[in-house]
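First up is the structure itself, then whatever we jot down about it.
The values are calculated or read from the model by the stated rules, or taken from the named source; none is laboratory data. Every value quoted in this text rests on a predicted model; they were computed, and no experiment measured them. Because the Cβ atoms are built from the backbone with ideal geometry, glycine has one as well, and the counts that use them run over all protein chains shown. We work out accessible area using only protein heavy atoms, side chains counted, and drop any ligands, DNA or RNA first. Shrake-Rupley method; radii C 1.70, N 1.55, O 1.52, S 1.80 Å.
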Amino acid sequence: MKKTPSPPNIALFLLRLTLPDDVKESVIGDLEEEMAALSGWNSLRARLWFLRHAIVISGYYFVDRRLRRTPRRYITSLGYEYSLWFLLGIAGLALLIACANLANLMLAQASVREREIAVRLALGASRGRLIRQLLAESLMLAVIGTVVGAFVAQGLSRFLVSFIRQQGRSLFLDLSPDWRLLAFLAGLAVFTCILFGLTPAFRATRTTPGAVLKAGGRGLTASRERFGLRRMLVVSQVSLSLILLVGALLFARSLQKIMSIDPGFKQDGGLIVICLKALACVMFACLIVAAGSCGQPPAGAVEPALDATLKDFKNPEELRALFNKDKDAPRLILLLSPT
Amino acid sequence: MRRIEKDSLGEFEQMVLLAALRLGDEAYAVTMRREIERRTGRSVSRGAVYITLDRLEKKGYLTSYLADSTAERGGRAKRYYQVRPVGEAALKDSWSAMRKMWEGLEPVIRKI
């Protein structure tokens, strides 16, 4: 027997990508076996045969998995899900910037109050006591900020949603506060307070009171290294803001572009038809063209059209009647055929 | 038996199960597809056979094992299928349902 051609890598890649793990190798093996049995074919033709069947098989698995795992009503919300994750990421970044800002301000505050702290240390206050005081102050700040923020967020999110809402299409989002969100906010406030409140507190109490009192009159030039952390915070804050700003600008541009594009069909309402036979697909396409050319929009209620497509293609007249039944029916019709 | 009624076998599922029964120890995707094509005269898509085998195995009608990794398969094992008793019961159920529906209709069909 002559040397058998090796299967094309792209076909192997496709099969490995779409097939479930347990059948991957046996399906590839089956195809290889059948390819080897194609006597009298040249290598290229056999490899093309392999590729064609790999595409069909992975198409079957792809469609099967989609139909089985995704309930139909969730398919449309898939797009939203990803953008919501993205929004969560942006919110996280904004929060980080706010925290860095707050920490910076607290560090500045601590360096302003250095003298006061030094005096209290000199008078005999213990270090722990001073840290407790500073920590209490930052906790107070965090709690007030969280409470005010929660209220402002309520009002603002309502405003934002009403901003997105278009005429004739209302958008319902559940904006009532729930305990998970509040717990998350409270936890975040405490965490931020401890993380960014402790550092200034430790810094303020670490220096010896004598040095601070002496240096007090000489300006700030001597304590250059003390601002290392502050400078780092400013740098990270600016860079994070820059990322957000550039991202926001890019998004604004693409939003503007998307809004001004004319796709040439009515965007709301689409119908995807998966025809199992290529011939049925062609007939369906002809039907759409015919319906479109006689001045009627190619329209049809989704469910009846689908049924007719998949079950009965002997009666195009009936299908056409279905097509013109509904004025609000899909305008974009995608035809897919696995064979 | 009652359990299967609410989850009855489709036509193609029946064909795949019957092919597995016919082929016995030689039943794997390639031979099963050939068997169905040879007996029914219809062309059968490989993809349809594979996803049906998967589905039947998940439902518990079939069981599979790997063996025979020959050189012409690139050293990859074959996945052999066997009909489990539940699958045989389901087949029997479908057959008896069909037979009951056919009962007495043969002359009518022949007239057309």
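Check B:L62: other-chain or 5+ apart residues with amide H under 5 Å from its amide H, H built from backbone geometry?
Amide H neighbours of B:L62: B:E57, B:R84.
Whole number please: convex hull volume per residue of the Cα set in the stretch B:41-112, in Å³? Intermediate results must be reported in sequence, preceding the final value.
Values: hull volume 10.2 nm³, N = 72.
Here the figure is 141 Å³ per residue.
A drop of at least 20 square angstrom in accessible area, chain alone versus all protein chains together, probe 1.4 Å. Which residues of the stretch B:35-77 meet that?
Flagged in the stretch B:35-77: B:S45, B:R46, B:G47, B:Y50, B:I51, B:D54, B:R55, B:K58, B:E72, B:R73, B:R76.
Run the quick spin-label model on A:R16 and B:E37: label points 7 Å from Cα toward the beta carbon, then report their separation in nm to one decimal.
In this crude spin-label approximation the distance works out to 2.8 nm.
So if each residue of separation counts as 0.36 nm, and I subtract the Cα-Cα distance between A:R65 and A:M140, what length gain in nm does that give?
Roughly 21.7 nm would be gained on extension.
What FRET efficiency do you get for A:W85 and A:A186 if R0 is 22 Å and r is their Cβ-Cβ distance, rounded to the nearest 0.05? Please report the intermediate quantities before stating the final value.
Working: r = 23 Å, r/R0 = 1.05.
About 0.40, to the nearest 0.05.
Before I look further, what does the stretch B:11-71 give for accessible area per residue, probe 1.4 Å, in whole square angstrom? Mind dumping the intermediate values first?
Values: 2910 Å² over 61 residues.
About 48 Å² of surface per residue is accessible.
How large is ³J(HN,Hα) for each residue in the stretch A:120-132, as worked out from phi by the Karplus curve 6.51 cos²θ - 1.76 cosθ + 1.60 (θ = phi - 60°), to whole Hz, x for Gly and Pro?
5, 4, 5, 7, x, 5, 7, 5, x, 5, 5, 4, 4
Distance from a point 7 Å along Cα→Cβ of A:N9 to each backbone N in the stretch A:15-51: keep the residues under 18 Å and list them by number.
Correct set: A:15-18, A:44, A:47-48, A:50-51.
Going from the alpha-carbon gyration tensor of the stretch A:101-159, what semi-axes, largest first and in whole Å, does one get by taking the root of 5 times each eigenvalue?
On the way: eigenvalues 221, 29, 8 Å².
Listed largest to smallest, the semi-axes of the stretch A:101-159 are 33, 12, 6 Å.
Taking a probe of 1.4 Å and counting only protein heavy atoms, give the total accessible area buried between chains A and B in Å², rounded to the nearest 100.
Roughly 2100 Å².
At A:S241 and B:L21, where each label point lies 7 Å from the Cα along Cα→Cβ, what is the point-to-point distance in nanometres?
My value for the distance between the label points is 7.6 nm.
Enumerate the calculated ³J(HN,Hα) couplings along the stretch A:51-57 in order (Karplus 6.51 cos²θ - 1.76 cosθ + 1.60, θ = phi - 60°), each rounded to whole Hz, writing x wherever the residue is Gly or Pro.
Once rounded to whole Hz, the list reads 4, 4, 6, 4, 5, 4, 5.
So how much accessible area does A:M140 have, in Å² to the nearest 10, using a 1.4 Å probe?
120 Å²
Can you figure out the FRET efficiency of B:R110 with A:R253, using R₀ = 56 Å and their beta-carbon distance, to the nearest 0.05? Intermediate values should be presented prior to the final figure.
Working: r = 73 Å, r/R0 = 1.30.
Between B:R110 and A:R253 the formula returns 0.15.
Where does the longest stretch of chain B lie that holds no trypsin sites (Lys or Arg not before Pro) found in a DSSP loop with 13 or fewer other Cβ atoms within 10 Å?
Free of exposed loop sites, the longest segment is B:43-112.
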